[in-house]
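K.L.:
This is the structure I have questions about; it appears just below.
Each reported figure results from applying straightforward, stated rules to the coordinates on display, with no laboratory input. Since we're looking at a predicted model, the values are computed, not measured. Cβ sites come from the backbone with ideal geometry, for glycine too, and all protein chains shown count toward neighbours.
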Amino acid sequence: MYTHGNTHKSTYDNEEEEEHIQPWRHKYREKVEEAEKELRKQAEEQGDEAHQTSEQQQESPTNDDRGVLLSWYLAGHKDFKKMFDLMKQTEVFQDINKRFLAGQDNLIFESSANPALVPPFPSLGSAFARAPKGVHTIEGKTGRWVQVSQDHFIEGSHLTADPTFITKILTHESLHQVFRLAEDNEGIENYPNLRKHHIKQDSVQNIIKIFKNLNLEPPSFYEGDHELMAEAYVPTLVEGMQQFDELNKTEHSEDWYQAMAWWGSLERATDDYKKLPAATQARYKAITRNEYKYNKYLKSKALYTSKPTPAHRSKMEAAKKSIDQVLFNQTRKRDANEPIE
């Protein structure tokens, strides 16, 4: 049985914070300036979200079946709906989302490419998904929401990534919204591990704002949610994928589960990922790079299936050749979802 993040014992240490905010060498200035740009970008996005939320909250939400919901756009996608329904049966997903599943709040999953959304949601760019702050109204239902990347995961009637990996993304974003509920409804003080990481995040943001005046070098940008996930939830994400595989009659290697759990935000800058042995990081990176190539192959294959032009066939063949077939086979133990033909 997995260990829930809030039961992960860890105390906040002022000496540790003091060490974290000590002056850094000036040679890292470019990284800090990048962090400053990220802060400005986030501030702009939060301003846009606040304006959007204010407008949406003026609407009268309808009575609905509250819970973990799919928008009509995703619910109408046969393969996505099948994957989603299986994922909802896993113990991990049910435990993380128990408040939503109990009908106390809505958690709504939406595609980034739903043409019916007015105004359209912001582009996700290279991100797999996002979990914006605040409450939003979608298709008459009001609640927390997760925006899923159409570019990464859906092409026509096909999924363009391994379904087991997609469930990890949805679970990851669910955790973000559970953390938001803790902050907004129950008070972050009741979640000492979450609070610890957000205190550290606020400290970093404050340092970034003043470092130029002090001519000091702050640490790289710090994301409290992701640091907590890296510290306490990687086993949870792994077990969630394993439980889905059991229901889906698929199976992957242990390295694949670990690599998928870290892939994305958790491997980008978290302290716990940096502590992994270099050989482990290299092994996980090789798996995620190969998985990315496999996803590109699935997308090009879906495009060729829907429109079999010479150009689409050429892209599909090129994507197929880029995959390390040996590594791919090593990570699939049973009934690969989409064989490389």
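K.L.:
Hey, what do the phi angles of segment 310-323 turn into as Karplus ³J(HN,Hα) couplings, whole Hz, using 6.51/-1.76/1.60 and θ = phi - 60°, x for Gly and Pro?
P.N.:
Values per residue, Gly and Pro as x: x, 5, 5, 5, 4, 5, 5, 5, 5, 5, 5, 5, 6, 7 Hz.
K.L.:
Ok, one more. Take the residue pairs Lys274/Lys296; Lys98/Lys133; Lys82/Lys299; Lys249/Lys274; Lys81/Lys285 and return only those whose Cα atoms are more than 22 Å apart. Let's see the in-between values first.
P.N.:
Values: Lys274/Lys296 28 Å; Lys98/Lys133 19 Å; Lys82/Lys299 19 Å; Lys249/Lys274 33 Å; Lys81/Lys285 30 Å.
In this structure, Lys274/Lys296; Lys249/Lys274; Lys81/Lys285 exceed 22 Å between Cα atoms.
K.L.:
Mind jotting down the three principal axis lengths of segment 125-179 based on Cα atoms? Whole angstrom, largest first.
P.N.:
29, 24, 20
K.L.:
Hey, another quick one. Which FRET efficiency, nearest 0.05, do Lys249 and Ala127 yield, Cβ-Cβ r, R0 22 Å?
P.N.:
Values: r = 30 Å, r/R0 = 1.37.
So the FRET efficiency works out to roughly 0.15.
K.L.:
Hey, can you grab everything whose amide H is under 5 Å from the amide H of Leu70? Only 5+ residues off in sequence or another chain; H modelled, so Pro and N-termini drop out.
P.N.:
When sequence neighbours closer than 5 places are left aside, the close amide H contacts are Phe109.
K.L.:
Report, please, the projected area of segment 253-334 averaged over directions, based on the convex hull of its C-alpha atoms, in nm².
P.N.:
On the way: hull surface 25.3 nm².
For segment 253-334, the mean projected area of the Cα convex hull comes to 6.3 nm².
K.L.:
Additional query: Which residues' amide hydrogens lie under 5 Å from the amide hydrogen of Asn97, considering only partners 5 or more residues apart or on another chain, with H built in the peptide plane?
P.N.:
Answer set, sorted by chain and number: none.
K.L.:
Let me ask something else about it. Please work out the FRET efficiency for the pair Arg313 and Tyr292, using the Cβ-Cβ distance as r and a Förster radius of 22 Å; give the result to the nearest 0.05.
P.N.:
Values: r = 21 Å, r/R0 = 0.96.
E between Arg313 and Tyr292, to the nearest 0.05, is 0.55.
K.L.:
Which residues' amide hydrogens lie under 5 Å from the amide hydrogen of His252, considering only partners 5 or more residues apart or on another chain, with H built in the peptide plane?
P.N.:
For His252, whose amide H was placed from the backbone, the distant partners under 5 Å are Lys333.
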